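The values are calculated or read from the model by the stated rules, or taken from the named source; none is laboratory data. Worth saying up front: this structure is predicted, and the values here are computed from it rather than measured. FYI the Cβ positions are ideal-geometry reconstructions off the backbone, even for glycines, and counts take in every protein chain you see.
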Amino acid sequence: MNNLIQSADGSITAFNQEFCEHYSSLSDGAKTEKLYKHIIPAATLFANQPQIRILDICFGLGYTAFLSAQIYTHTAQSIHIISLEKNPATLHLAAKIHNLSKEMITKLANGESLFIAPHTSLRIVWGDAKTHIECFEDNTFDIVYQDPFSPNKNKDLWSKEHFRHLYRITKAKSVITTYSTSRQIKENASEAKFLIYKLKSQNLRASSIFTKSPIALENATQISLDNLA
Ligand SMILES: C[S@@+](CC[C@H](N)C(=O)[O-])C[C@H]1O[C@@H](n2cnc3c(N)ncnc32)[C@H](O)[C@@H]1O
């Protein structure tokens, strides 16, 4: 069972009994966390790109997917989001939070692609994210929201092997966003050849960005491997 609960910014999150963890940060706020640690930094870096492919790991309560649709809604950019998720119950929680119609729920539950905003499509790929990630083709994604549960609860989705696959399936100019600032995770990403950036947003805990090539983002600072904090 999942218990809905209000987070610091007033937005709703839930507690997941299987992983014993909330779907979002209670102290940063569910909406605030997803917007400032994932969606806005990535959208800023890709502001001039007409078509963007996003891999959302994982769908959860749907904030990363549905808030992305909102953020890109005033641009002419064409956005394709693939969300990975193993737990069908999450869709029913997301439906309450994002006011989804029965038709939308049915299509998403069936793994169909759906326009959730005029230029934004979403498809949920159900099942084990690890297996699906291994099967994506090389150079597929521009943006990856690396948002599983924490590394000690969701080990497979934070391993060195996982980051090697992310390196393979992302384009040369791509970005991985994540809330994790763990030294071990930064080392795993660095071993896969990603550059590591620390992201600071006002009034929020720091987060991380991994890229294949250098980026210029106002509040992001590159960290060298000798200096991983
Ligand atoms: C922190 S939540 C994601 C939050 C989501 N991005 C949002 O905006 O609401 C983590 C999600 O990962 C899913 N998950 C964990 N391990 C998984 C796996 N191996 N395969 C697919 N989904 C998984 C959980 O069911 C949970 O919904």
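For F149, the conditions (1) within 11 Å of the ligand (Cβ to nearest atom); (2) closer than 24 Å to A30 by Cβ; (3) not in a loop (DSSP other than H, G, I, E, B) are fulfilled apart from (3). Residues being of a type in the set (S, T, Y), crowded, with 17+ Cβ neighbours inside 10 Å and under 21 Å from Y36 (Cα atoms) are represented in segment 118-135 by at least one member.
When the residues of segment 41-72 are filtered to those that are outside any helix (DSSP H, G or I), closer than 21 Å to E112 by Cβ and not hydrophobic (A, V, I, L, M, F, W, C), the one that is farthest from the ligand (Cβ to nearest atom) is Q51.
Listed by first and then second residue, the pairs with beta-carbon distance under 9 Å, at least 6 apart or on different chains, first residue in segment 200-229 and under 22 Å from R164 (Cα atoms), second of a type in the set (D, E, K, R) and part of a loop (DSSP other than H, G, I, E, B), are S207/K200; K212/K193. Taking the numbered list (1) hydrophobic (A, V, I, L, M, F, W, C); (2) under 15 Å from A43 (Cα atoms); (3) surrounded by fewer than 16 Cβ atoms within 10 Å (Cβ to Cβ) in turn, I105 passes all entries but (2). Pairs are defined by a Cβ separation below 7 Å, a sequence spacing of at least 6 or placement on different chains, a first member in segment 53-76 that is over 18 Å from I105 (Cβ atoms), and a second member that is near the ligand (Cβ under 6 Å from one of its atoms) and of a type in the set (G, A, S); the pairs so defined are I57/A129. Among the residues making up segment 13-32, those that are part of a strand (DSSP E or B) and under 14 Å from D147 (Cβ atoms) are T13, N16, E21, H22. Can you find even one residue in segment 200-216 that is modelled with pLDDT under 95, farther than 25 Å from G62 by Cα and among the aliphatic types (A, V, I, L, M)? Yes, there is a match, as at least one residue in segment 200-216 is modelled with pLDDT under 95, farther than 25 Å from G62 by Cα and among the aliphatic types (A, V, I, L, M). Within the option set L4, L35, being surrounded by fewer than 17 Cβ atoms within 10 Å (Cβ to Cβ) and either within 11 Å of the ligand (Cβ to nearest atom) or in contact (Cβ under 8 Å) with a residue 24 or more places away in the chain (or both) holds for one residue only, L4.
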